[in-house]
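Just below is one structure, and these are the notes that go with it.
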């Protein structure tokens with residue numbers, strides 16, 4: 001339980017430092033929010049892996065390969081958003097970006113939800129662009 005709490009607190013710290021610029025590209029959003037754990041190259045070797053105990057991010061460059069050569073866009077989008085389905089303990093290894101990227105003061109409004117979805121989609125498109133065979 002302590003490890004989970006420590007990881008959740010650490011991840012929450014990183015989540016609150018998220019910039020809200022809608023103009024930020026998928027690559028920039030990825031580098032700012034995801035590279036700490038997943039690595040700047042997407043291979044799961046980010047610098048935070050050594051700081052947060054028990055975190056083992058997947059190699060994001062092999063998602064298509066693991067899914068028979070087809071990139072699982074919707075699955076990746078849902079995983080990043082984090083609000084679909086009942087979260088497992090494993091899910092707490094990653095922030096719920098669908099919540100963390102909400103526009104302050106306008107959380108969960110249709111406009112904020114649309115911005116969050118668009119921003120997550122740019123990240124998913126970026127992850128799709130770094131796939132390797």
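Which one of 3, 16 is exposed (fewer than 12 other Cβ atoms within 10 Å of the Cβ), within 23 Å of residue 118 (Cα to Cα) and at pLDDT below 95?
Working: 3 fails: within 23 Å of residue 118 (Cα to Cα).
One residue alone meets the criteria, 16.
Being out of contact with any helix residue (DSSP H, G or I) (no Cβ under 9 Å at 6 or more places or on another chain) and either modelled with pLDDT under 95 or surrounded by 15 or more Cβ atoms within 10 Å (Cβ to Cβ) (or both) is the filter here, so list the residues in region 103-120 that pass it.
If the condition is that a residue be out of contact with any helix residue (DSSP H, G or I) (no Cβ under 9 Å at 6 or more places or on another chain) and either modelled with pLDDT under 95 or surrounded by 15 or more Cβ atoms within 10 Å (Cβ to Cβ) (or both), then 112, 115 are the ones that fit.
Could you identify the single residue in 123, 99, 76, 49 that is surrounded by 13 or more Cβ atoms within 10 Å (Cβ to Cβ) and over 19 Å from residue 29 (Cβ atoms)?
Numbers: 123 fails: over 19 Å from residue 29 (Cβ atoms); 99 fails: over 19 Å from residue 29 (Cβ atoms); 76 fails: over 19 Å from residue 29 (Cβ atoms).
Of 123, 99, 76, 49, the one residue that is surrounded by 13 or more Cβ atoms within 10 Å (Cβ to Cβ) and over 19 Å from residue 29 (Cβ atoms) is 49.
Quick one: how many residues across region 69-102 are part of a loop (DSSP other than H, G, I, E, B), more than 18 Å from residue 130 (Cβ to Cβ) and either within 11 Å of the chain's Cα centre (by Cα) or modelled with pLDDT of 95 or more (or both)? First the steps, then the outcome.
Here is the first cut: in region 69-102, the ones part of a loop (DSSP other than H, G, I, E, B) are 69-72, 82-89, 94-96, 101-102.
The next check asks that each one be more than 18 Å from residue 130 (Cβ to Cβ); those that pass are 82-89, 95-96, 101-102.
Subsequent filtering for residues that are either within 11 Å of the chain's Cα centre (by Cα) or modelled with pLDDT of 95 or more (or both) retains 82, 95-96, 101-102.
Total satisfying the criteria: 5.
The values are calculated or read from the model by the stated rules, or taken from the named source; none is laboratory data. Source: prediction; values computed, not measured. Reconstructed Cβ throughout: ideal geometry from the backbone, glycine too, with neighbour counts over all protein chains shown.
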